[in-house]
Amino acid sequence: MSKKSKSERTRDEILDTAWALISREGASVSIGKIAEAAGLTRQSVYVHFGSRDGLLVALVRRTDEREDIWGKFQDALAAPSAAARLERCLGAWFAFVPRIYPVAQDLIRLRSHDKAAATAWQDRMSVLIDFYEERIVDLEKEGNLKERWTVREATDYVWAASSVQAWSLLVHERGWQPDRAAFHITHTVLDAVCASH
């Protein structure tokens, strides 16, 4: 494993500082405050990320990498059927959601009026939607997608039903245990889109 350069280490330190601050204070925290907490100048942060948009996009991408969500999704794809692959992918997703929730909730809250938050959230959601679409296409190829669905509609439904927002309503608004929320959302999704599972 190659050593990181000083620039890469500084970049990681900025992202770690940003994550900690945003988790405590929200995604509207300023570049200046992040720079100060990291012991850097605002200009240094801009050199690494170009803009607040760039910082927030890098932050959410780094979290995906740190938590290895895409590696866990790849492991889930070893399951023998499309329905089992979707079920295992949702399992990996719901193990990931509590880890990202402190920052994700604020990006969701701000995205209607904060361009940087909207850009970061859309960056991750567009990739997730594409991934779910692949799972639905797999179901269709195996003849296991319920006839009432188009691929687009089923993809959108899986994405919406398993969203951070849906999970949060059950866990944070209604007091469900995270594992129960994950179980019921997952099985409701499978019942809805799979002809059999």
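The values are calculated or read from the model by the stated rules, or taken from the named source; none is laboratory data. Source: prediction; values computed, not measured. All Cβ positions, glycine included, derive from the backbone under ideal geometry; neighbour counts span all protein chains shown.
Some points to look at:
- Each residue in segment 1-29 was checked for being of a type in the set (Phe, Trp, Tyr) and over 16 Å from ARG66 (Cα atoms), and 0 pass.
- Any chance TYR132 is under 30 Å from LEU55 (Cβ atoms), among the aromatic types (Phe, Trp, Tyr) and either touching a residue at least 24 places away in the same chain (Cβ under 8 Å) or out of contact with any Asp or Glu (no Cβ under 6 Å at 6 or more places or on another chain) (or both): yes
- Among (1) more than 13 Å from LEU86 (Cα to Cα); (2) among the hydroxyl-bearing types (Ser, Thr, Tyr); (3) not in a loop (DSSP other than H, G, I, E, B) - the single one THR186 does not satisfy: (1)
- Selection from segment 140-169 of residues that are buried (at least 17 other Cβ atoms within 10 Å of the Cβ) and over 23 Å from ALA83 (Cβ atoms): VAL164, SER168
- From SER112, SER163, residue being within 28 Å of ASP53 (Cβ to Cβ), under 13 Å from the mean Cα position of the chain (by Cα) and polar (S, T, N, Q): SER163
- Any hit, segment 175-184, residues being out of contact with any strand residue (DSSP E or B) (no Cβ under 8 Å at 6 or more places or on another chain) and aliphatic (A, V, I, L, M): yes
- Residue match in segment 17-36 (condition: out of contact with any Pro (no Cβ under 8 Å at 6 or more places or on another chain), under 15 Å from ARG124 (Cβ atoms), in a helix (DSSP H, G or I) and not acidic (Asp, Glu)): yes
- Residue check for ARG124: assigned to a helix (DSSP H, G or I), in contact (Cβ under 8 Å) with a residue 60 or more places away in the chain and out of contact with any Phe, Trp or Tyr (no Cβ under 9 Å at 6 or more places or on another chain): yes
- Looking only at segment 54-65, and only at residues there that are closer than 17 Å to LEU21 by Cβ and in contact (Cβ under 8 Å) with a residue 60 or more places away in the chain, the one that is surrounded by the most Cβ atoms within 10 Å (Cβ to Cβ): LEU56
- There is no residue in segment 98-108 that is at negative phi and without any contact (Cβ under 8 Å) to a residue 24 or more places away in the chain.
- Pairs, first touching a residue at least 60 places away in the same chain (Cβ under 8 Å) in segment 8-22, second in a helix (DSSP H, G or I) and hydrophobic (A, V, I, L, M, F, W, C), C-beta under 9 Å, six or more apart: TRP19/LEU59; TRP19/VAL103; ILE22/ILE34; ILE22/LEU56; ILE22/LEU59; ILE22/VAL103; ILE22/LEU107
- Within the option set VAL97, VAL45, being buried (at least 16 other Cβ atoms within 10 Å of the Cβ), in the same structural domain as PHE131 (by TED's automatic domain parsing) and of a type in the set (A, V, I, L, M) holds for one residue only, VAL97.
- Single residue of ALA78, ALA58 found to be of a type in the set (A, V, I, L, M, F, W, C) and outside the structural domain of ALA27 (by TED's automatic domain parsing): ALA78
- Of the residues making up segment 75-117, those that are under 22 Å from HIS187 (Cα atoms), in a helix (DSSP H, G or I) and among the small types (Gly, Ala, Ser) are ALA76, ALA82, ALA83, ALA84, GLY91, ALA92, ALA95.
- Residue match in segment 142-150 (condition: of a type outside the set (Asp, Glu) and within 20 Å of the chain's Cα centre (by Cα)): no
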